[in-house]
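The values are calculated or read from the model by the stated rules, or taken from the named source; none is laboratory data. This structure is a prediction, so every number in the text was calculated from the model and none was measured. Note that we place each Cβ from the backbone using ideal geometry, even for glycine, and neighbour counts take in every protein chain shown.
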Amino acid sequence: MRICIATGIYPPATSGPAQYAAALEAEFGARGHHVSVVTYGRLERALPAAARHFLYFLRVASRIAPADFVVALDTFSVGWPATVAAKIFGRKIILRTGGDFLYEQFVERTGESILLSKFYLEPRAFSRKEKIIFALTRWTLRNVSALIFSTEWQRDIFLQPYNLAAQKIFIVENRFDKKICDKPMVTKNFIFATRDIVYKNISAFKKAFAAAQEIKPEISLETCHILSHDALMKKIETCYAVVMPSLGEVSPHVILDAIRCNKPFILTRESGFAEKLKNVGVLCDPLSIDDMTAKILWLVDDVNYARVRAQVRSYDFTHSWGQIADELLIIVRKI
């Protein structure tokens, strides 16, 4: 088949959609399919939003026209223009939701510490831009051939506000790779690999870490904003622990990378992984500086650290990129 992958970001970027796009490209190609990837270039990124989307639409439409189906890897930046093009040319389109662009935009603009699970439960004073994002996202989610969530947690958040059709919804879990190393830590350093945006809760976690550091001065925090995935993995391999204390995380790849390297982690309890990994790592309340401080100090204790590392080492669930590609191909045949 001829497959078009629409993604806003691609390696060497480290984010989930970048890894997802490259992995699907390789897996579909290995199965004999012809794959084209359309991502945002420098020109699109330099343009205002409307012009950026229009230019991307023109580029992705030329790849969708001859394709058998499309995989879009976000709900708005590429999801909307790719869905419009797919409708025009009568092509099947699978959309994987990833995060929540509207939520990210609202929290970034207002600076409010709103949990993702609470975001749609009460009316919000959306800006004109956010109202447009909501309307276009709702149209997109309701007009794709299939809608993929990586967790039931996010699916349940989206169902009511976007009035989604249950028969179009599928759960395809994120990738859980086999273990790749088990190196000892060099120092008691915590890795926080994230974008520098409000909902990632960076400021609050730094306050929590500073409070813990007053009691345990030997610990350190390294916040990584711009780093290739290979460089990040080298840091994780020898770090003490990985942290992701966001106000909302669906299925964060960096936590999966920590597990691959047998590293303990502190994860926000506001996550699609919270239930699955509650007995593997440490969960924290992202709205409580005291709780985050307490969880840092708890993990620094040698006995607790050894216990958590043993839990991570014994966690052997796998869900490969190959399995994900096969699941998507099965969905294509169903729709």
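Residues are listed down the side, and each one gets a yes or a no for (1) of a type in the set (S, T, N, Q); (2) touching a helix residue (DSSP H, G or I) at 6+ places or on another chain (Cβ under 8 Å):
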site: LYS234; (1), (2): no, no
site: LYS276; (1), (2): no, no
site: VAL280; (1), (2): no, yes
site: LEU283; (1), (2): no, yes
site: ILE289; (1), (2): no, yes
site: ASN304; (1), (2): yes, yes
site: ARG307; (1), (2): no, no
site: ARG313; (1), (2): no, no
site: LEU328; (1), (2): no, yes
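Taking the conditions exactly as written (outside any helix (DSSP H, G or I), hydrophobic (A, V, I, L, M, F, W, C) and under 27 Å from ALA22 (Cα atoms)), does ILE93 satisfy them or not?
Numbers: outside any helix (DSSP H, G or I): yes; hydrophobic (A, V, I, L, M, F, W, C): yes; under 27 Å from ALA22 (Cα atoms): yes.
Considered against the rule, which asks whether it is outside any helix (DSSP H, G or I), hydrophobic (A, V, I, L, M, F, W, C) and under 27 Å from ALA22 (Cα atoms), ILE93 comes out as yes.
Looking for something in contact (Cβ under 8 Å) with a residue 40 or more places away in the chain, small (Gly, Ala, Ser) and in contact with an Asp or Glu (Cβ under 9 Å, 6 or more places away or on another chain) - is there at least one such residue anywhere in the range 220-231? Checked the range 220-231: no residue is in contact (Cβ under 8 Å) with a residue 40 or more places away in the chain, small (Gly, Ala, Ser) and in contact with an Asp or Glu (Cβ under 9 Å, 6 or more places away or on another chain). Across the range 96-118, the qualifying residues are those that are in a loop (DSSP other than H, G, I, E, B) and acidic (Asp, Glu), and the one among them that is surrounded by the most Cβ atoms within 10 Å (Cβ to Cβ) is ASP100.
Residues in the range 23-76 that are in contact (Cβ under 8 Å) with a residue 60 or more places away in the chain, surrounded by fewer than 17 Cβ atoms within 10 Å (Cβ to Cβ) and among the aromatic types (Phe, Trp, Tyr): none. Enumerate the pairs (first residue in the range 149-168 and farther than 17 Å from VAL250 by Cα; second residue anywhere and among the aliphatic types (A, V, I, L, M) and in a loop (DSSP other than H, G, I, E, B)) with beta-carbon separation below 8 Å, excluding pairs fewer than 6 apart on the same chain, so at least 6 apart or on different chains. If the second residue must be among the aliphatic types (A, V, I, L, M) and in a loop (DSSP other than H, G, I, E, B), the pairs left are LYS168/VAL144; LYS168/ILE335. Under 6 Å between Cβ atoms, which residue pairs at least 6 apart in sequence (or on different chains) link something in the range 233-247 that is under 12 Å from LEU221 (Cα atoms) with a partner that is surrounded by fewer than 21 Cβ atoms within 10 Å (Cβ to Cβ)? Pairs that qualify, where the first residue is under 12 Å from LEU221 (Cα atoms) and the partner is surrounded by fewer than 21 Cβ atoms within 10 Å (Cβ to Cβ), are CYS239/ASN189; TYR240/MET185; TYR240/LYS188; TYR240/ASN189. When you look at ILE148, is it modelled with pLDDT of 95 or more, outside any helix (DSSP H, G or I) and crowded, with 19+ Cβ neighbours inside 10 Å, yes or no? So ILE148 fits the description; yes. When the range 238-279 is limited to residues that are among the hydroxyl-bearing types (Ser, Thr, Tyr) and crowded, with 19+ Cβ neighbours inside 10 Å, the one that is nearest to THR97 (Cα to Cα) turns out to be SER251. Considering only the range 177-197, how many residues are modelled with pLDDT of 95 or more and surrounded by 17 or more Cβ atoms within 10 Å (Cβ to Cβ)? Going through the range 177-197 one residue at a time, the tally reaches 3. Of everything listed in (1) surrounded by fewer than 23 Cβ atoms within 10 Å (Cβ to Cβ); (2) in contact with a Pro (Cβ under 8 Å, 6 or more places away or on another chain); (3) farther than 21 Å from ASP177 by Cα, the single unmet condition for VAL308 is (3). When you check ILE180 against the structure, is it under 16 Å from SER15 (Cα atoms) and over 15 Å from the mean Cα position of the chain (by Cα), yes or no? Criteria not met by ILE180.
Looking only at residues in the range 228-237 that are of a type outside the set (D, E, K, R) and buried (at least 16 other Cβ atoms within 10 Å of the Cβ), the one that is farthest from LYS263 (Cα to Cα) is HIS229. The one condition from (1) farther than 25 Å from MET1 by Cα; (2) surrounded by fewer than 19 Cβ atoms within 10 Å (Cβ to Cβ); (3) not small (Gly, Ala, Ser) that LYS87 does not meet is (1). When you look at GLY79, is it within 18 Å of the chain's Cα centre (by Cα), in contact (Cβ under 8 Å) with a residue 12 or more places away in the chain, buried (at least 19 other Cβ atoms within 10 Å of the Cβ) and on the phi > 0 side of the Ramachandran plot, yes or no? Judged against the criteria, GLY79 is not a match.
For the range 267-335, the helices (runs of 4 or more DSSP H) that sit wholly inside it and include 2 or more residues that are in contact (Cβ under 8 Å) with a residue 40 or more places away in the chain and closer than 19 Å to LEU115 by Cα are 274-277, 289-300.
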